[in-house]
Amino acid sequence: MSDYRSEVRDGMRIDWDVPIKMDDGIVLRADVFRPIEPGKYPALVSYGPYGKGLAFQEGYKTAWDIMARDYPDAVANSTNKYQNWEVVDPEKWVPDGYVCVRVDSRGAGRSPGYLDHNNARENRDFYNCIEWVAAQSWCSGKVGLNGISYYASSQWRAAALQPPAHTGMNAQSSHSSHAAIFANRAAAARRSPSERPSMWPIASGTLPANPGHA
């Protein structure tokens, strides 16, 4: 008997709270959204502390309302029932032949343990999750990473460990990109107004939008 629930709904096979055992015995939990048709598919994995079971609309209502208003394409062609903070909507990826895997990081959401952000243990956990995904019967062995902000910075740290199955990543607005943006703005602010690049209108008191959130 399986220790997780699996069902078909909204055009996907969804496995809820799938166990992923780490090298120290802790069992993390993941939700897996995959095509109904049996086969081997490339996977997109996110790993983070925000709670895979918390709907974007409920946990971050103001951000959701702004996104839906300003970027209606983000919520179009989807029931939006599986939207989650800063990761992809599986209803837009699964139909194109991808598996979307969301892992609650150690100590967050449905995963037990001690929550300790950005540390070596968390990086090793992400590495283990990548390799676990690649070994599943529904995976082609190719694993990509995705996510914004915290989910993005965790991609860089996991990639540095060089998991063999890691074949690509989409790290939007990671801590490193935020640091680079503010470093450039600080450097521009130290210049005289005539020397400041026109794309950094700091003298007027306005700042350009973070390109990672465009």
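How about the stretch 120-141: which of its residues are modelled with pLDDT under 95 and either under 23 Å from residue 94 (Cβ atoms) or polar (S, T, N, Q) (or both)? Passing the criteria: 123, 126.
Looking at 99, 75, 94, 87, which is the one that is within 23 Å of residue 145 (Cβ to Cβ), of a type outside the set (D, E, K, R) and touching a helix residue (DSSP H, G or I) at 6+ places or on another chain (Cβ under 7 Å)? 87 is the lone residue from the list that is within 23 Å of residue 145 (Cβ to Cβ), of a type outside the set (D, E, K, R) and touching a helix residue (DSSP H, G or I) at 6+ places or on another chain (Cβ under 7 Å). Listed by first and then second residue, the pairs linking a residue in the stretch 103-130 that is on the phi > 0 side of the Ramachandran plot and in a helix (DSSP H, G or I) to a residue that is charged (D, E, K, R) and surrounded by 13 or more Cβ atoms within 10 Å (Cβ to Cβ), with Cβ atoms under 9 Å apart and 6 or more places separating them unless they lie on different chains, form an empty list. Restricted to the stretch 46-101, and to residues there that are without any contact (Cβ under 8 Å) to a residue 24 or more places away in the chain and of a type in the set (Asp, Glu), the residue that is farthest from residue 32 (Cα to Cα) is 70. Only one entry in 152, 158, 68 is aliphatic (A, V, I, L, M) and surrounded by fewer than 20 Cβ atoms within 10 Å (Cβ to Cβ), namely 68. Criterion applied to 88, 101, 27 was being within 24 Å of residue 153 (Cα to Cα), of a type outside the set (Phe, Trp, Tyr) and modelled with pLDDT under 95, and the one residue passing it is 88.
Selection of the stretch 1-42 for residues being small (Gly, Ala, Ser) and either surrounded by 11 or more Cβ atoms within 10 Å (Cβ to Cβ) or in contact with a Cys (Cβ under 8 Å, 6 or more places away or on another chain) (or both) yields 6, 11, 30, 39. Of all residues in the stretch 131-159, those being in contact with a Gly (Cβ under 9 Å, 6 or more places away or on another chain), over 22 Å from residue 85 (Cα atoms) and in a loop (DSSP other than H, G, I, E, B) number 2. Taking each residue of the stretch 22-35 that is in a loop (DSSP other than H, G, I, E, B) and looking for partners that are aromatic (Phe, Trp, Tyr) with beta-carbon atoms closer than 7 Å, six or more apart or interchain, yields 35/41.
The values are calculated or read from the model by the stated rules, or taken from the named source; none is laboratory data. If you're wondering where the values come from, they're calculated on a predicted model, not measured in any experiment. Every residue, glycine as well, gets a Cβ built from its backbone with ideal geometry; the counts of neighbours run over all protein chains shown.
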